[in-house]
Amino acid sequence: MELVYLYIDNYRNFKEAEFNFGQDVRLHFDNDTKKLTARRCDPALPDGFWGGNIKNLTTLIGNNGSGKTSVFQFIILLLKEMWGELYGTSIQGNGIIAFKENETIFWYANRSFEETGQIRAECDTDLAGRSRAEMYRMRNLISDEVPDIMGKAKFIYLTGSLSREDYQRGMLNGSGRYDHLYDASLGNLISQDMGMDVNRALRLRPLRYPQGKGTAYFSEIETYFAYEQYKQIKYVFDRNQFNIIRKMRQEGYPVPVPDVLHIELRAWSGTDDILCQKKLPQKISFRDMEEAVCGETISHFIESFPRPSVWDEQEKQQYFIGLLRFHLQLSGIICAFRSAARLMDEGDLYIMFRDLPQHLDIREGEEEDFEQLFESLWEAVITSAGERTKAAPGWEALKRCRRCYIDYLEFIKAADLGQHFFAETELSGDIAHDMDEQVLRFYVRTSDAEWFMEFVQKYRYICNPDYFLDFQWGLSSGEYNLLSMFSTLYYIFDADYTNKKNGEYTIWNCGPYGSIRTQKTACDSVVLMIDEADLSYHPEWQRQYISILTAFLPRIYPRECCRDIQVVLSTHSPLLLGDVPQENVIYLSCGGEGDPVCVAKREGCGTFGQNVHLLFKDSFFLENGTIGQFAQSKINGTYRELLDLEREIDRAKQDRQGWAEKRAKLISDLSGRYRKLAEVISEPLIREKMKEKIGSLLRQLDAPVQRPDAAAEGYGRMTEKELRRQLALIEEELGKRSRKREL
């Protein structure tokens with residue numbers, strides 16, 4: 001399935017604007033006759049031009065406010081109405097969208113537009129000059145046919161810009177990665193990741209800052225970053241995907257290939273008191289509860305480890321791994337305790353706290369068994385829970401998580417952590433005493449995929465929602481954004497293939513977001529829409545962006561899982577545009593606020609393989625020249641001042657009153673301030689022209705004033721050596737003039 005056409009009758013600044021995205025077909029809609037025509041055309045590019053299974057790539061360019069983002073927003077609105085996903089809202093505008101599948105063109109007009117008059121569609125036989133058998137078939141998409149006809153096409157929308165429209169769309173009628181539209185815009189992800197979280201029922205509960213400094217909720221932003229970390233981890237630790245980016249790096253593409261993942265653990269998770277809305281007798285704090293659960297355990301741990309003043313590296317690693325194992329298990333226990341505390345009625349909480357000692361049988365000198373500690377805590381929770389607690393949202397989900405906590409604790413206890421985690425924290429003998437404020441820093445190698453991904457999966461299901469680990473790659477912002485795009489494109493796969501050598505990478509559509517319809521359809525085509533593709537990238541990466549994208553897409557979506565890929569992207573960058581043929585560029589321009597947007601295929605110097613300086617000279621990019629506005633203003637202003645000085649010199653020479661003082665000041669200004677301004681100009685022609693003008697004015701000022709004794713006064717101040725030098729120069733000049741006369 002290929003997106004081939006968009007017509008916008010009226011939407012924001014668009015009025016009767018049409019966009020042709022296909023290579024071998026052109027569509028046109030006549031709003032007066034309500035006639036939609038299609039004609040076949042010869043593709044300007046040879047088959048396979050973009051490489052692999054990339055069928056086509058189209059670029060939208062335009063100045064700020066020209067409507068590039070609005071084009072994507074309108075496509076999304078039409079797709080959602082077509083699939084019946086607007087849920088009571090309506091499109092504030094009219095338009096038509098068309099797709100091509102083999103020899104059939106399917107078109108859809110939004111409901112309010114169809115009501116304005118009967119739309120007719122046919123092939124343009126006169127312009128095509130072809131037989132009926134060679135023409136495309138045109139079919140109107142009706143709602144009942146959409147799932148069957150469009151079900152195998154996956155639309156993906158990417159943008160790093162945060163917009164209110166994307167956020168609101170996510171809140172009202174968002175889309176997940178299994179829907180026909182995977183809306184991976186920043187705004188949608190922020191609003192939707194909360195709903196996708198395995199711990200979503202518990203993330204809506206209020207929290208307290210440490211030391212009771214205020215109330216907060218685990219926000220959508222926090223959830224977004226947690227999910228972004230998880231998606232990137234999932235991508236990098238997939239052996240097949242890691243080999244793809246490593247091979248691309250070997251081929252010269254500047255893609256990020258992380259060797260290690262840096263991890264931080266804060267012992268108390270940074271959330272002291274989550275019982276902000278609950279008034280408990282005797283002012284019981286959550287820290288009191290945590291210390292009741294874990295205080296004795298911490299003391300046992302501290303006493304069980306020696307604290308010598310000098311350690312060798314092996315002893316340091318052994319101590320660190322023991323400390324890390326302890327706090328990984330302890331943090332899991334705290335997560336379970338907090339998850340239960342958030343759901344419990346105030347009275348039930350007090351009962352649990354009162355009866356906690358009889359459940360927690362901690363004997364001094366015994367090595368602590370965290371599984372037994374958890375079971376004791378769980379018994380205290382279940383025994384204390386009354387009817388209101390059991391009726392709380394999330395209580396049944398918490399009970400189902402019991403097995404997850406046990407699995408996690410058993411996994412950490414049995415693991416040889418020293419073979420997987422490596423310390424970055426500077427160790428000291430007193431570190432265990434200061435874990436209230438201490439952060440444990442360590443790393444895992446990305447080659448350790450199988451064990452680490454099992455750890456991550458178990459860890460995520462016990463946090464509820466206190467994610468006590470933070471993951472970082474140590475990448476630049478450009479590398480991070482590129483890795484984020486890669487991981488987002490990977491995330492639409494249905495399952496984790498981290499440890500499967502021959503995993504079946506299939507892209508699925510599962511019906512509208514939130515739909516009870518669970519039947520899955522395997523996709524065979526991807527339409528990737530990227531708004532502001534060059535955002536945050538260094539100019540050199542902008543220059544390589546198309547190359548990176550077209551090399552990566554056929555590798556992550558090979559023909560086995562995707563028959564064809566289509567890309568539509570917007571950009572401001574002429575560096576990026578130099579990789580796109582003129583026929584694949586759509587220009588948007590807007591004369592002013594409120595004026596309709598003009599859409600055109602431009603003729604001119606061309607784009608593909610074009611020198612960036614010529615692209616910059618194109619009036620689309622810089623209507624007022626290629627120099628920065630501040631520099632341009634400074635240069636123009638300086639040149640106008642020099643012209644004013646020239647007129648001032650002429651006037652001063654005629655009016656000799658005060659000439660000496662004026663002359664001295666003019667020479668000082670020209671030799672100082674104006675010459676410095678000229679020297680900082682980098683463009684050679686402009687710089688030399690400016691210096692030439694300054695030199696001309698200085699020569700005018702150095703000309704002797706018309707007084708009889710001027711020359712004599714000047715020579716009288718010279719030394720004998722300077723006089724002889726002047727004499728030699730005069731004789732040389734006289735010789736030149738004599739030779740000219742002879743010629």
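Read the figures in this text as sums done on the coordinates, not as results from a lab. This one's a predicted model, so the numbers in the text were calculated from it and none came from an experiment. Methodologically, a virtual Cβ is constructed for each residue, glycine included, from the backbone with ideal geometry; neighbour enumeration extends over all protein chains shown.
In nm, to one decimal, how far is the modelled label at S547 from the one at R402, with both set 7 Å along Cα→Cβ?
A separation of 6.0 nm, rounded to one decimal place.
For the pair R246/H420, report the inter-label distance in nm, with labels modelled 7 Å from Cα in the Cβ direction.
Result for the modelled spin labels: 2.0 nm.
Using 0.36 nm per residue of separation minus the Cα-Cα distance, give me the extension gain between R164 and L535 in nm, one decimal.
Taking 0.36 nm per residue and subtracting the Cα distance, the gain is 131.8 nm.
Among 637-643, 241-247, 75-81, how do they line up from the highest to the lowest mean number of other beta-carbon atoms within 10 Å?
Taking the mean over residues of other Cβ atoms within 10 Å, the ranking is 75-81, 241-247, 637-643.
Among the listed pairs K231/K520; K55/K154; K665/K691; K80/K520; K399/K520, which are separated by more than 20 Å between their Cα atoms?
Over 20 Å apart, Cα to Cα: K231/K520; K399/K520.
At 7 Å along Cα-to-Cβ for each site, give me the label-to-label distance between R12 and R673 in nm.
4.6 nm
Once amide H atoms are placed 1.01 Å from N in the peptide plane, what residues at a sequence separation of 5 or more from G95, or on another chain, have their amide H within under 5 Å of its amide H?
Under 5 Å from the amide H of G95: D9, N110, F113.
Can you give the extra length, in nm with one decimal, that the chain gains between A728 and F225 once fully stretched, where that is 0.36 nm per residue apart less the Cα-Cα distance?
Computed gain between A728 and F225 is 173.1 nm.
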